[in-house]
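Input: a single structure, listed below in structure tokens.
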Amino acid sequence: MTALALVLATSGRAKPNLAHTCSAADRQFLEAARTNMTAMQLWSEQYQSGDASDEDVADQAQTAVKIMRGTGPTDWSLRQTQRLVIGMLSEYGRAIQAHHKHRDAGPHMYRAYGLANFAHNVLTHSQRPLFKLGCDVSPLL
């Protein structure tokens, strides 16, 4: 009798919660992205004013790439944004390195801006659904 009750209780009548929520990994990604984008903006401003060297900014871009790769968002749109941001930071770092070597940084900057625009579009389109799940992407927009 006990075995029959156990079989009935575990026979699939209970439905798992398949709804996505803003996981801790999603929140970690959002915080890392916000922090690294802010830091890169500050480093870029210091670079433009002459207070930071090419090598400093390129190193910071690579550090940001490593940090972003260390995150693991569970939401599809955040994973897509993660890939785009990693690409953008990598291209930005390559542009700074090319400029340091007196080479044309333009193609790398062009790709960096393009990737940034794609990331912005992904976040813009998913902002409302993510907000309903508890993920606020507005600081990245």
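Against the empirical 2.2 N^0.38 Å scaling, what ratio does the C-alpha Rg of the chain come to?
Working: Rg = 21.0 Å, N = 141, 2.2 N^0.38 = 14.4 Å.
Against the compact-globule rule of thumb, the ratio is 1.46.
Each of Asp51 and Lys101 was given a label point 7 Å from its Cα along the Cα-to-Cβ line. The distance between the two points is 2.9 nm. Placing a label point 7 Å from the Cα of Gln41 along the Cα-to-Cβ direction, the residues of the range 96-131 whose backbone N falls under 19 Å from that point are 112-125, 127.
Under 18 Å from a point placed 7 Å out from the Cα of Thr21 along the Cα-to-Cβ direction: which residues of the range 64-81 have their backbone N that close? Of the residues in the range 64-81, 73-76 have backbone N under 18 Å from the label point off Thr21.
Ranked highest first by average number of other Cβ atoms within 10 Å, how do 41-54, 105-118, 84-97 line up?
Details: 41-54: 13.2, 105-118: 16.2, 84-97: 22.6.
Ranked from most to least packed, the peptides come out as 84-97, 105-118, 41-54.
Converting phi to 3J(HN,Hα) with the Karplus coefficients 6.51, -1.76 and 1.60 and the offset θ = phi - 60°, the range 124-140 yields 4, 5, 9, 4, 5, x, 5, 4, 5, 8, x, 9, 9, 9, 4, x, 8 Hz in sequence order, with x at every glycine or proline. Annotation: amide H-H contacts under 5 Å for Val137 (H modelled 1.01 Å from N, sequence separation of 5 or more, or interchain): none. Note that the chain presents 64 Å² accessible area per residue, ligands and nucleic acids not counted, probe 1.4 Å.
Charge dipole of the chain (Cα centre as origin; +1 on each Lys and Arg Cβ, -1 on each Asp and Glu Cβ, all else neutral): 820 debye, rounded to the nearest 20.
The values are calculated or read from the model by the stated rules, or taken from the named source; none is laboratory data. Fair warning: this is a prediction, and the values are worked out from it, not measured in the lab. With ideal geometry, Cβ positions are generated from the backbone for all residues, glycine too; neighbour counts draw on all protein chains shown. Only protein heavy atoms, including side chains, enter the accessible area calculation; ligands, DNA and RNA are left aside. Shrake-Rupley method; radii C 1.70, N 1.55, O 1.52, S 1.80 Å.
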